[in-house]
Amino acid sequence: MNEIAVIGLGHVGLPTALSLAEIGWRVVGMDSAPDRVAMVADGQAPFYEPGLQELLTTHHRSGRLAVTASLAETVRRAEVLFVCVSTPQLPDGAADLSAVEHVAREIAAHTNGHKLVVDKSTTPVRTAERIKRVLSRYGAGAHQVEVAVNPEFLQEGNAVHDVLHPDRIVLGVESDRARALLTEIYRPLLDRLPAPGQCVVCDRRGISTAAGERVITTNLETAELIKHSANSFLATKISFINMIADLCEQTGADVTQVARGLGLDPRIGPQFLGAGVGFGGSCLPKDMRAFIRIADDHRVDFSLLKAVAAVNEGRVERVMEKLRGALWIIRGKTVAVLGLAFKPGTDDVREAPSLRLVPALLSEGAHVRLFDPHAMDTFAAAMPDLKQATYCRSAYDAAEGAHAVVVLTEWEEFRTLDLHRLRGTVALPIIVDGRNLLDPAAVRAAGFDYVSFGRP
Ligand code: UGA
């Protein structure tokens, strides 16, 4: 096989491109943003993701990753083209597929032999069908350009690991040729996994599945639905446990123990039962809204997901209620916010709870002091008009003179804060823990009033 193309070098595309290089392929990465191309070509990761810079440095040297801003050149260089462009949200909740359509037109215009267009972007069911139509309308016949769907399940903050250790590989294909090409590409990954029939416990999610069973071959629509269903199901788990947390607060139960009791049932599993301020990020909230929209379009009443979204939207207000409960009046008080990223391990703030909590605090008249180990710049860029907030150098600096400290992201460095040192800097000893990150006994022993979610 000649080079493999990865179109779009964002949070999915760049880890994918580098992981393909890591398992031995020569890759041409393409992005329409010249700044991004220049950075990657220079060996600089354009965003923070653990292990990404190291992998980029390695393959900057190995020469296995080439980068370009030219889609035409990319199409000509490779037979297999992974499409990893963004699919942002339109005002009505649907996914904006204009970047996908643009790429399909360009592929049709510049194709020079057999091509396999592999949709890795999260797109609504039947998008592949539309890509096929665009390709043929703009001159690329089905005999020449085929379409496949190969959704990505990586989590930000763990992206490189997830691409190199997939818990499943879903191949939505329409021909043996497409299946063979994709299997060949992933073969080095599969070869690292234990053979079928071997007893294995291999990944961090505790899934014990042999290599052969991790590849699921389906039609295009099924592969598309697997991706959207997975994200919506994860979102459902989080909103479910958040409702349980609210019930725990009213009844004296402890949500962390309820979650443990639930999670030990292998049919439920322990992951994504962490209660708190709810889910953010560029995927779960947006994908769920797009899924609701698709269901509506197909006249399927998916009110379950509408409830999941509504529960999540109310979580930031639950933090505000807890702050009001602790402080009574917020106006004039200083609140330290620890954690701006939507989750640890990333500088990504898209749909992060911080984007709603900080303006809510300011509009109630609080002074706000902010700290995040990696997401200060991205937060400032996302909130350019936020003049009143103070950006701080550390968690301790943020807590200086604070009447309450709010934890919004479960960074490891917040879990291991020196609570006695923190106690020495605050004006009032109140912690509102939006992620149930801290140990209640330790926080109380350090002299704080501790407010968390669903724990007595
Ligand atoms: C999510 C999915 O987990 C990935 O499998 C998928 O590939 C990705 O979307 C995507 O579609 O690209 P990601 O957005 O990186 O990954 O973040 P998650 O780890 O799913 O976390 C999402 C949010 O849920 C975060 O704000 C996190 O703090 C929150 N969360 C997670 C909870 O509130 N409670 C939990 O128990 C777990």
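The values are calculated or read from the model by the stated rules, or taken from the named source; none is laboratory data. Computed from a predicted model, the values in this text were never measured in an experiment. Heads up, the Cβs are rebuilt from the backbone with ideal geometry, glycines too, and the neighbour counts pull from every protein chain shown. Ligands, DNA and RNA are excluded from the accessible area calculation, which covers all protein heavy atoms including side chains. Shrake-Rupley method; radii C 1.70, N 1.55, O 1.52, S 1.80 Å.
What to note about this one:
- Boolean, residue 201 is open to solvent by 60 Å² or more (accessible area, probe 1.4 Å), among the β-branched types (Val, Ile, Thr) and either within 28 Å of residue 309 (Cβ to Cβ) or modelled with pLDDT under 95 (or both): yes
- Among the residues listed as 184, 224, 152, the single one being modelled with pLDDT of 95 or more, charged (D, E, K, R), under 27 Å from residue 348 (Cα atoms) and in a helix (DSSP H, G or I): 224
- Residue in region 262-277 that is of a type outside the set (Gly, Ala, Ser), open to solvent by less than 60 Å² (accessible area, probe 1.4 Å) and either touching a residue at least 60 places away in the same chain (Cβ under 8 Å) or within 19 Å of residue 94 (Cβ to Cβ) (or both) present: yes
- As a summary of the residue check, residue 417 satisfies the conditions (1) among the hydrophobic types (A, V, I, L, M, F, W, C); (2) part of a loop (DSSP other than H, G, I, E, B); (3) open to solvent by 70 Å² or more (accessible area, probe 1.4 Å) except for the one numbered (3).
- Only residues that are in contact (Cβ under 8 Å) with a residue 24 or more places away in the chain, open to solvent by 50 Å² or more (accessible area, probe 1.4 Å) and not in a helix (DSSP H, G or I) were counted in region 323-370, giving 5.
- Selected residue (criterion: farthest from the ligand (Cβ to nearest atom)) from residues of region 112-149 that are of a type in the set (Ser, Thr, Tyr) and in a loop (DSSP other than H, G, I, E, B): 138
- Taking each residue of region 281-293 that is in contact (Cβ under 8 Å) with a residue 24 or more places away in the chain and away from the ligand (no atom under 11 Å from the Cβ) and looking for partners that are assigned to a helix (DSSP H, G or I) and of a type in the set (D, E, K, R) with beta-carbon atoms closer than 9 Å, six or more apart or interchain, yields 292/306.
- Residue check, residue 291 open to solvent by less than 60 Å² (accessible area, probe 1.4 Å) and in a helix (DSSP H, G or I): yes
- Candidates in region 88-110 are the residues that are open to solvent by less than 30 Å² (accessible area, probe 1.4 Å) and at pLDDT 90 or above; of these, the one that is nearest to the chain's Cα centre (by Cα) is 100.
- Meets criteria (β-branched (Val, Ile, Thr), open to solvent by 40 Å² or more (accessible area, probe 1.4 Å), touching a residue at least 24 places away in the same chain (Cβ under 8 Å) and within 29 Å of residue 160 (Cβ to Cβ)) for residue 378: yes
- Residue list for region 233-256, filter: open to solvent by 50 Å² or more (accessible area, probe 1.4 Å) and within 15 Å of the ligand (Cβ to nearest atom): 233, 234, 240, 243, 256
- When residue 98 is tested against (1) in contact (Cβ under 8 Å) with a residue 12 or more places away in the chain; (2) away from the ligand (no atom under 16 Å from the Cβ), only condition (1) is not met.
- Put simply, of 339, 325, 345, 314 the only residue that is modelled with pLDDT under 95 and of a type in the set (Gly, Ala, Ser) is 345.
- Within region 119-166, considering residues that are open to solvent by 40 Å² or more (accessible area, probe 1.4 Å) and of a type in the set (D, E, K, R), the one farthest from residue 103 (Cα to Cα): 126
- Index of the failed condition, residue 393 passing every other in (1) touching a residue at least 24 places away in the same chain (Cβ under 8 Å); (2) surrounded by fewer than 22 Cβ atoms within 10 Å (Cβ to Cβ); (3) basic (Lys, Arg): (1)
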